[in-house]
Amino acid sequence: MATCSMPKGGMAMGNACNHHLELHVYRVSDGRVVTNARVSITLRNNMAHRQFRVPIVTMMGMEGRRDVHYGNNLYAPPGPYTVLVNVNGVRATFSARLT
Ligand SMILES: [Cu+2]
């Protein structure tokens with residue numbers, strides 16, 4: 001579960017990535033994007049009772065520094081998930097149902 005590859009020239013090695021997980025971090029005081037956060041993300045599959053630590057990559061979208069985010073591409077089958085996040089020692093939990 002979860003590790004995947006992007007298909008190059010037609011074939012993916014192992015599971016092809018089917019989701020992009022990204023976490024955006026903003027400073028509470030002024031809403032600015034935090035570009036150097038220490039982030040860990042664990043994805044828990046609530047149906048299979050398995051969890052996986054997502055290898056974190058810092059990414060930047062089309063909007064440049066205002067769109068810096070953390071996460072990765074991954075393979076995850078459909079179902080209910082809990083996303084456990086730790087940012088600079090502060091924890092947060094999200095629920096998601098993947099289709
Ligand atoms: Cu991204």
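The values are calculated or read from the model by the stated rules, or taken from the named source; none is laboratory data. Here the structure is a predicted model, which is why all the values come from computation and not from measurement. Glycine gets a Cβ as well: all are built from the backbone with ideal geometry, and neighbour counts include every protein chain shown.
Which strands (runs of 3 or more DSSP E) does segment 46-98 wholly contain that include 2 or more residues that are more than 13 Å from the ligand (Cβ to nearest atom) and among the aliphatic types (A, V, I, L, M)? Before the answer, list the steps.
Numbers: elements: 50-54, 57-60, 68-74, 79-87, 90-98.
Because the criterion is at least 2 residues that are more than 13 Å from the ligand (Cβ to nearest atom) and among the aliphatic types (A, V, I, L, M), the strands (runs of 3 or more DSSP E) in segment 46-98 that meet it are 79-87, 90-98.
Anything in segment 43-77 that is loosely packed, with under 15 Cβ neighbours inside 10 Å and within 18 Å of Phe94 (Cα to Cα)? List them, or say none.
Asn46, Met47, Ala48, His49, Arg50, Arg53, Pro55, Pro77
Consider Val90 carefully, then state whether it is at pLDDT 95 or above and surrounded by 15 or more Cβ atoms within 10 Å (Cβ to Cβ).
no
I'm checking my understanding of the structure. Among residues of segment 26-38 that are assigned to a loop (DSSP other than H, G, I, E, B) and within 12 Å of Arg66 (Cβ to Cβ), which one is nearest to the ligand (Cβ to nearest atom)?
At the first step, the residues of segment 26-38 found to be assigned to a loop (DSSP other than H, G, I, E, B) are 27-32, 34-38.
This time we only want the ones that are within 12 Å of Arg66 (Cβ to Cβ), so: 31-32, 34-35.
Numbers: Gly31: 20, Arg32: 19, Val34: 15, Thr35: 13 Å.
Of everything passing the filter in segment 26-38, Thr35 is nearest to the ligand (Cβ to nearest atom).
If Leu21 satisfies every condition in (1) assigned to a strand (DSSP E or B); (2) loosely packed, with under 12 Cβ neighbours inside 10 Å; (3) not β-branched (Val, Ile, Thr) but one, which is the exception?
The number of the failed condition is (2).
Out of (1) modelled with pLDDT of 95 or more; (2) part of a strand (DSSP E or B); (3) away from the ligand (no atom under 15 Å from the Cβ), what's the single condition that is false for Ile41?
Condition (3) is where Ile41 drops out.
Pull out all pairs, ordered by first then second residue, where Cβ-Cβ is under 8 Å, the residues are six or more apart or on different chains, the first lies in segment 17-39 and is under 17 Å from Val57 (Cα atoms) and of a type in the set (Asp, Glu), and the second is modelled with pLDDT of 95 or more and within 13 Å of the ligand (Cβ to nearest atom).
Final answer for the pair search is Glu22/Met59; Glu22/His69; Glu22/Tyr70; Glu22/Gly71.
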